[in-house]
Amino acid sequence: MVKRLTMSKQKYTLALLLSVLCASSVPLFLEYFTSYIDAWTVNGYRYIVVLLIMLPVIIGMARRGKYNKRMWLTALIPALFNLLQQIAWAWAPYFIDPGMIGFLIKSTVVWSIAGSFILFVDERFLLKDRRFWLGLILSLLGFSGLSYYGTGISLSGTFFGVLLVLTSGLFMAAYGLAVKYFFNETNALISFSIIAFYTAVGLVALMFVFGEAQAFLRIPLKVTAVIAVSAFVGINMAHVLFYISLKHLGVMVSYSVSLFSAFFTALLSYLIFGEQLSVMQWLSGSIIVAGGLSIIATKNGKQNRINAQSNVIIKLNEWRKLKNTGEAK
């Protein structure tokens, strides 16, 4: 029993880390696309790919009766938040420096903690645990150091760009909170397939109105291929894995550990583009990792205590039943 619970925790932690790793690739992809197509078109194309990937899942789940009317109605709320954050996120690189984007987008952590405190009683215990705050402070310090010693927290950009990033962070947190609130008991593939469908419809419609729907006729084939890869890795994989994390680890832990993404993005830049990391960047990244591990340990430690108490109660009830059975005989 204990071994199975330990394996489950490891699995959910791995899902969160893989989700953050997948999401870390998105800034690199979006920066690459700015030279070829506008944000409306990028969003539309990427979600067309997402929808094509999810279509077999949607058809299969529908045939097996896995959907119901309530799911389709409640999914409109997280889908709207996702739509708005995708629009703001995709447009940000056109108005503000990437380093500043990476720094400001972490306002998501603040919004997610505030929202979790209001909506989820089972997550409030984290705010009373010093290890959680230690982990969060370490992660924020490491993230700030990585931003400063990396691309730098440049002030280049416009007020509109800053507003876009902060808005994206707010809606990103609202998206995760809504997924946790409405779909906590639903399979991640099922919930994401519905939300992705609504988001795709909205973004593709906006592409036809404001973007360049026929851009695929002029852009190089390799760009089209990169769009497909970015959609699968940065949306399909990242979101489904994040849904699993939201369900089993909670909103506070999931978004706090997302601070890893700054370090992961720097590592991807190092591996893909050969961008060198300074000693201070490596140190800052290590501090982020230490902070994130502290946050995860806090959650898992609490879960261990809950499981231990549950096991004691179960054993006690079993003993009482045996005792009562013996007395009856």
(request) Just add up the charged neighbours of S35: K/R +1, D/E -1, any other residue whose Cβ is under 15 Å from the Cβ of S35. (result) -1
(request) Please give the FRET efficiency for V201 paired with F120, using the beta carbon to beta carbon distance and R0 = 35 Å, rounded to the nearest 0.05. (result) 0.75
(request) Based on other C-beta atoms within 10 Å, arrange E123, E185 from fewest to most. (result) E185, E123
(message) How large is the translational diffusion coefficient of region 185-275 in µm² per second when you combine the Kirkwood radius over alpha carbon pairs with Stokes-Einstein at 10 °C and 1.306 mPa s?
(response) 101
(message) Taking the square root of 5 times each eigenvalue of the Cα gyration tensor, what semi-axes in Å does the equivalent ellipsoid of region 13-150 have, largest first?
(response) 29, 26, 14
(request) Beyond 25 Å between alpha-carbons counts as too far, so tell me which of K66/K180; K11/K69; K128/K180; K11/K180; K180/K222 fall in that bin. (result) K11/K69; K180/K222
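Since every read-out is calculated from the coordinates, none of them should be taken as a lab result. Every value quoted in this text rests on a predicted model; they were computed, and no experiment measured them. Cβ sites come from the backbone with ideal geometry, for glycine too, and all protein chains shown count toward neighbours.
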